[in-house]
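J.: Below: one structure in structure tokens.
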Amino acid sequence: MCGIYGMVGLGSPARTEPGVLAAMGNAIVHRGPDDSGIYHDEHVRLGMRRLSIIDVSGGHQPIANETGDVIVVCNGEIYNFQALRRSLEAAGHRFKTHSDTETIVHLYEETGDRFLEKLEGMFALALWDRRRRRLIVARDALGIKPLYYGQIGNELVFASEAKAFRALPGFRCQLDRSALAQFLGVGYVGAPLSMFAGISKLEPGRALFVADGKIEIRRFWQLPSDVDQTGSAGDWSAAVRDEMERSVREQMISDVPIGAFLSGGLDSSSIVALMSRHSNRPVRTYSIGFQGSSGAALYNELPHARAVAEACGSQHREILVQPDVAALLPQLVWHLDEPIADAAFITTYLVSKFAREDVTVILSGVGGDELFGGYRRYLEEHYRASYRRIPQFLRRGVLEPLARRLPSDRHGRLLNEMRLAKAFVLADSMGFEERYSRYMQVFSAAERAALLLGDPEGVDDYVIRAFAGSHSGDPLRRLMDVDLATQMPEDLLMLTDKMSMATSLECRVPLLDQRLVTLAARMPGRFKIHRGDLKHVMKLAMKGIVPDSILQREKRGFGAPIGAWFKRELAPMMRQVLSREAIVRRGLLDPDAVAKIVAEHASSSADRTDHLLGLLVLEIWCRLYLDNARPADLADELKLSIAA
């Protein structure tokens with residue numbers, strides 16, 4: 001795992017001094033504290049920071065081919081590098097190292113631009129073809145690794161993290177107002193936008209080619225559009241089990257200590273159980289729980305994680321968290337680069353830091369819900385058919401008015417069920433795509449209009465637009481296609497990468513193996529969700545491998561009771577950061593609209609957890625990146641507000 005960065009001249013030689021390149025690397029040193037390397041010639045500058053995982057002593061980057069005409073820097077891991085290496089050696093290529101990265105340069109020599117189609121793994125890479133004076137910058141198929149780019153002066157600049165751009169002379173952080181509107185809509189900023197004006201994110205499965213001063217973006221991977229209607233549930237579950245086991249086995253390859261996150265849910269439990277089958281020593285597992293705070297009991301999954309650890313014989317460790325983690329927020333938002341309204345970034349950072357005490361590589365269960373139908377929102381169409389048997393006059397005249405009066409809070413079981421029922425009933429009159437967009441949104445279009453000052457151009461519904469990219473006739477498959485194109489890379493994977501790399505920990509996601517993702521995409525939806533049973537085929541696949549108690553567990557997200565904390569422990573901090581004075585001074589949002597959101601959450605008339613987290617993180621981001629506040633200074637300020 002590494003961080004990469006660099007630039008290439010657009011129609012003229014590169015002018016950025018090598019010393020500036022080193023400063024870009026220093027800005028992301030947490031991604032690669034073990035090693036660094038730079039290549040530069042008249043036209044291009046390439047740099048990297050390395051976290052040594054495979055071929056610790058010999059995998060120094062940049063890596064070149066035999067003649068020095070092809071040079072590459074890569075952040076990530078190529079999981080099929082051993083098979084690729086064997087075929088390349090048979091074709092006459094000679095390797096200098098045992099690194100997976102060296103495979104890339106020889107594969108490019110052998111196959112040309114098609115080399116990206118043959119790579120299986122998580123990566124962001126930059127390859128310089130010195131003879132053709134051409135740079136290729138690419139992001140892996142699922143978007144597991146991030147990659148930012150932008151035209152700065154007469155150069156195309158790229159980096160694993162946006163903060164590296166701050167090292168460039170004359171670059172000034174400015175907010176992109178279209179990205180702001182999108183962030184308020186879904187709680188994250190989707191590629192190709194970024195929160196920084198003038199900086200874009202490369203979309204998953206894309207490559208950016210720069211030659212002769214021209215920039216071209218090409219797509220090199222996408223999901224198959226067809227669904228295979230043949231085969232039984234048993235056939236599909238056997239195929240899923242085989243692919244999951246292969247993926248876990250391949251992703252356990254490491255020359256440094258490795259472990260796994262364990263929440264006690266089906267996804268992480270499956271990863272740990274399969275790791276145990278292929279390890280000659282107890283697997284190291286790490287879990288996070290909550291204590292001494294509001295909402296802790298509902299989010300505490302430690303008993304379930306312990307049950308799995310005991311069944312698998314893992315070497316298990318736990319960390320307990322209290323709401324004083326708020327003092328960490330400035331540091332975490334700085335590492336995120338962009339605001340994300342998802343409390344999972346807090347828990348991911350804390351459990352990553354905890355695991356880093358023992359291991360350098362961690363396996364995570366991210367991706368199982370999107371592939372195999374694990375979210376409750378996927379049941380919406382299943383229940384909608386029954387709900388619409390109720391006469392319309394009763395639905396409109398009785399149930400909808402009642403639903404509007406229900407309290408809305410996610411931090412107690414009964415209140416959470418009321419929150420979900422309220423959303424379900426009030427979405428009844430909407431169309432299929434609009435209903436799903438509503439489930440995924442933070443602020444609605446009307447709320448954004450009331451909240452935002454000014455009128456940003458080019459604002460659309462990010463989720464509804466993503467539906468245009470799915471051509472499947474299977475409704476469930478369409479929902480999953482949308483999630484894999486939006487929330488997965490730009491929220492879940494982005495925060496997973498940024499928070500684990502903040503602790504210099506490499507996080508691998510075996511459930512997002514390309515072959516496994518392709519298999520899941522071709523599977524009919526009736527096997528993923530069967531008679532209201534979420535992840536039906538995955539449960540069949542893991543029967544006898546994962547404890548039955550875990551197979552039947554209700555879904556619980558990997559987050560924190562942040563909404564409950566906003567009402568009690570963190571209320572002073574929230575009032576300080578989102579005070580009328582602060583909102584007016586920032587000049588982006590209507591202070592009355594913000595005050596209304598705070599009041600609604602406090603009274604439980606509406607669950608405003610994600611809204612408040614988004615607004616809080618946005619203001620902290622502005623202070624860090626627009627006002628140039630130091631994370632430590634801002635943390636001290638927040639600590640004082642909580643203490644008061």
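The values are calculated or read from the model by the stated rules, or taken from the named source; none is laboratory data. Just so it is clear, the structure is predicted and the values come from calculations on it, not from any experiment. Cβ placement follows ideal geometry from the backbone for every residue including glycine, while neighbour counts extend to all protein chains displayed. Ligands, DNA and RNA are stripped out before the accessible areas are found, and what is left, the full protein with its side chains, is counted by its heavy atoms. Shrake-Rupley method; radii C 1.70, N 1.55, O 1.52, S 1.80 Å.
J.: I need the per residue convex hull volume for segment 441-497, using only the alpha carbons, in cubic angstrom as a whole number.
T.: 112
J.: Looking at this model, which pairs from Lys201/Lys498; Lys145/Lys528; Lys498/Lys539; Lys567/Lys596; Lys118/Lys145; Lys163/Lys214 are more than 19 angstrom apart at the alpha-carbon?
T.: Lys145/Lys528; Lys498/Lys539; Lys163/Lys214
J.: Let me ask something additional. Over 20 Å, how big is the tail of the calculated P(r) for segment 42-176, in percent of all Cα pairs?
T.: Looking at segment 42-176, the distances longer than 20 Å represent 47 percent of pairs.
J.: Take the alpha carbon atoms of segment 164-233, find their center, do the same for segment 78-125, and report the distance between the two centers in whole angstrom.
T.: 25
J.: Rg to Rh ratio, segment 461-566, alpha-carbon atoms and Kirkwood radius?
T.: Rg divided by Rh gives 1.00.
J.: Ignoring solvent entirely, what values of log10 I(q)/I(0) come out of the Debye formula for the chain at 0.08 Å⁻¹ when each Cα is a single scatterer?
T.: Evaluating at q = 0.08 Å⁻¹ gives log10 I(q)/I(0) of -0.58.
J.: Under 16 Å from a point 7 Å along the Cα-to-Cβ line of Gln151: which residues of segment 170-195 have their amide N that close?
T.: Inside the label zone: nothing.
J.: Indicate the gyration tensor shape class of segment 108-171 (rounded, prolate or oblate), computed on the Cα atoms with a ≥ b ≥ c the square roots of the eigenvalues: a/c under 1.5 is rounded; otherwise a/b larger than b/c is prolate and the rest oblate.
T.: oblate
J.: Could I ask something else about it? Please give the contour-minus-distance gain from Arg131 to His98: 0.36 nm per residue of separation, less the Cα-Cα distance, rounded to one decimal in nm.
T.: Difference between extended and current length: 9.3 nm.
J.: Sticking with this one: Please compute the length gained on full extension between Val29 and Ser605, using 0.36 nm multiplied by the number of residues separating them and subtracting their Cα-Cα distance.
T.: Between Val29 and Ser605, full extension yields an extra 202.9 nm.
J.: Which log10 I(q)/I(0) values, to two decimals, does segment 487-634 give at q = 0.16, 0.17, 0.21 Å⁻¹ under the Debye formula with one point per Cα?
T.: Those come out to -1.04, -1.09, -1.34, one per q.
J.: Same structure, new question: Which percent, nearest 5, of DSSP beta bridges in the chain are antiparallel?
T.: 75
J.: A further question follows. How high is the FRET efficiency from Leu379 to Gln174, r the C-beta distance, R0 56 Å, rounded to 0.05?
T.: After rounding, the FRET efficiency stands at 0.85.
J.: Just to verify a number: FRET efficiency for Ala643 and Ile390, C-beta to C-beta distance, R0 = 60 Å, to 0.05?
T.: Efficiency at R0 = 60 Å is approximately 0.70.
J.: What span do the alpha-carbon atoms of segment 566-626 cover on each of the three principal axes, reported in whole Å from largest to smallest?
T.: 33, 22, 17 Å, listed from the longest principal axis down.
J.: Would you kindly compute the Cα radius of gyration of segment 255-390 and its largest Cα-Cα separation (Dmax), both in Å?
T.: Reported Rg and Dmax, both Å: 17.4, 60.
J.: Going by a ≥ b ≥ c, the root eigenvalues of the Cα gyration tensor, does segment 180-327 fall in the rounded group (a/c under 1.5), the prolate group (a/b larger than b/c) or the oblate group?
T.: oblate
J.: Still on this structure, please answer the following. Using a 1.4 angstrom probe with every protein chain in place, what is the largest-first accessible-area order of His98, His43, His530, His106?
T.: Order by accessible area, largest first: His98, His530, His43, His106.
J.: Measuring from label point to label point, each 7 Å out along Cα→Cβ, what is the Gln322 to Ser87 span in nm?
T.: Rounded to a tenth, the inter-label distance reads 5.6 nm.
J.: Whole number in Å², please: accessible area per residue of segment 463-621, 1.4 Å probe, ligands, DNA and RNA not counted.
T.: 33
J.: Does a label point 7 Å from the Cα of Gln552, set along Cα-to-beta-carbon, have any residues of segment 223-264 with amide nitrogen under 19 Å, and which are they?
T.: 264
J.: Then there is this: So which aspartates and glutamates can Lys353 reach, going by Cα to Cα under 15 Å and dropping same-chain residues fewer than 8 places off?
T.: Glu318, Asp497, Glu506
J.: What does the extension gain come out to for His530 and Asn628, with contour length at 0.36 nm per residue minus their alpha carbon separation?
T.: The His530-Asn628 span can extend by a further 30.1 nm.
J.: How high is the FRET efficiency from Ala595 to Ala238, r the C-beta distance, R0 56 Å, rounded to 0.05?
T.: Efficiency at R0 = 56 Å is approximately 0.50.
J.: In segment 127-221, what percent of the accessible surface is made up of carbon and sulfur (1.4 Å probe, ligands and nucleic acids excluded)?
T.: Summing carbon and sulfur atoms, their accessible area is 42 percent of the total for segment 127-221.
J.: Between segment 562-597 and segment 315-393, what is the C-alpha centre distance in whole Å?
T.: Centre-to-centre distance over Cα atoms comes out at 23 Å.
J.: Quick one: if you stick a label point 7 Å off each Cα along the C-beta vector at Arg246 and Glu42, how many nm between them?
T.: For Arg246 paired with Glu42, the spin-label model returns 4.8 nm.
J.: Same structure again: Could you work out [θ]222 nm for the chain from helices alone, using -39500 (n - 2.57) per DSSP H run of at least four and dividing by all its residues? Round to the nearest 500 deg cm²/dmol.
T.: Estimated from H runs of four or more residues: -11500 deg cm²/dmol.
J.: Do any trypsin sites (Lys or Arg not before Pro) in segment 98-144 lie in a DSSP loop with no more than 13 other beta carbon atoms within 10 Å, and if so, which?
T.: Loop-located and lightly packed - Arg131, Arg132.
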